[in-house]
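Below is one structure, written out as structure tokens; comments come after it.
The values are calculated or read from the model by the stated rules, or taken from the named source; none is laboratory data. Everything quoted here is computed from the prediction, not taken from an experiment. Every residue, glycine as well, gets a Cβ built from its backbone with ideal geometry; the counts of neighbours run over all protein chains shown. What goes into the accessible areas is simple: the full protein's heavy atoms, side chains included, and nothing from ligands, DNA or RNA. Shrake-Rupley method; radii C 1.70, N 1.55, O 1.52, S 1.80 Å.
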Amino acid sequence: MDTVMEVTVYGSGASDAAEEAERAIRRLEELWSVTREDSEISRLNRGETVELSEETANLLQKGLRLSEETGGALNLALYPLTRLWGFTTEEYRVPSREEIDALLDRLRSGSLSLEDNRASLSSWELDFGAVAKGYAAQLSADMLKERGVTSALLTLGGNVQTVGNKEDGSLWRIGVRDPWGEEGDYLGVLLVGEAAVVTSGAYQRYFEEDGVRYGHILDPETGRPVESGLASVTIVAEDGFLADGLSTALYVMGLEEATEFFRGRDDFEAVLVDDAGTIYVTEGLRDSFECSQFQVIER
Ligand code: AMP
Ligand code: MG
């Protein structure tokens, strides 16, 4: 998944459980890698009809549902656009309006057919980048728990997933990255028990041309890197897939729409940082975010 995974597991049988979790993540990588020609996603993207594994079918179903719930802010069919901007190869460039419009037409007219795990795409090409790490981290956490692990910390890129509390019973301290700082610079610290904590932001991957910064999260409406006024979005939720999907979606939405969205749900909390550096924290995190100054988003 083009990132570093770190699994810290405490207790008896911990190393076996950690190895099993690693194998599970490698399997998902094989299924979903767009750079492997024989992955399920590559075959789908080439237009083949594919008998999907349970995991892929499950991720697709969850992804489509969340896409609908977020009003299309999350869109798993953006692969042609991420490729056009060079985010898949790191050969970055600013495409012409015509090129973007042509791919937006393809996006609007495309579709997925999914019946009993048999799937095929028409016009679409999938990119699971916004949700794969969260799904994988959740799956690993579930496996660790099944093996009797009571305390573990998984990190996968910007994703953090915990099992239980820390070994000594205290809460985990998860730093929220300063979008303008270096790795290891934090704006604040979240105190959580068992949870998924996922951050999205353009600072994680971008290129600059003529003094303009182009980030890797795209607005499915415009086909261009998001300019929503937010620098980062961190989601805290019970489920890793949900936290990952929502971190991307709320980043696309921007502060106002994200606030409205938050008020309509009860399955996550968030820390949002706008381009001016103001930090907004949803009500449920008021007492679990250590930070000198922030505004509270009431439910
Ligand atoms: P994340 O780091 O979880 O926010 O995911 C960002 C990645 O998801 C990007 O690098 C793209 O591969 C993909 N992506 C970009 N924009 C979107 C979007 N609006 N919806 C879904 N996936 C996206
Ligand atoms: Mg995400």
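Comparing mean-square fluctuations of 270, 137, 24 from a GNM of the chain with C-alpha springs under 10 Å, the top value falls on 24.
In this structure the amide hydrogen of residue 188, modeled in the peptide plane, comes within under 5 Å of the amide hydrogens of 176, none closer than 5 places in sequence on its chain. Each stretch of four or more DSSP H residues adds -39500 (n - 2.57); spread over every residue of the chain, this sum gives -10000 deg cm²/dmol at 222 nm.
Comparing 198, 233, 34 in a Gaussian network model of the chain, where Cα atoms under 10 Å apart are tied by springs, the biggest mean-square fluctuation is seen for 34. Taking only protein heavy atoms and a 1.4 Å probe, the accessible area of region 87-237 is 41% carbon and sulfur. Considering only 115, 22, 48, the Gaussian network model of the chain with Cα springs below 10 Å gives its largest mean-square fluctuation to 115.
Using heavy-atom solvent-accessible surface (probe 1.4 Å) with all chains present, what is the largest-first order of 51, 29?
I get 51, 29, largest accessible area first.
Most tightly packed first, judged by the mean number of other beta-carbon atoms within 10 Å of their residues, the peptides 155-164, 176-185 read 155-164, 176-185. Residue 180 sits among other residues whose Cβ lies under 13 Å from its own Cβ, and their net charge, with Lys and Arg +1 and Asp and Glu -1, is -4. Here's how it looks for residue 217: its modeled amide H is under 5 Å from those of 226, which are all 5 or more places away or on a different chain. Packing, taken as the mean count of other beta carbons within 10 Å per residue, orders the peptides 127-134, 250-257, 211-218 from highest to lowest as 127-134, 250-257, 211-218. In whole percents, the pair-distance distribution calculated for the chain from its alpha-carbon pairs, binned every 5 Å from zero, is 1, 5, 12, 16, 18, 17, 14, 10, 5, 2, 0, 0.
Under a 5 Å amide H cut-off, with hydrogens placed 1.01 Å from N, residue 78 pairs with 127 among residues at least 5 apart or on other chains. Look at where the Cα atoms of region 6-73 and of region 117-148 average out, and the two centres are 3 Å apart.
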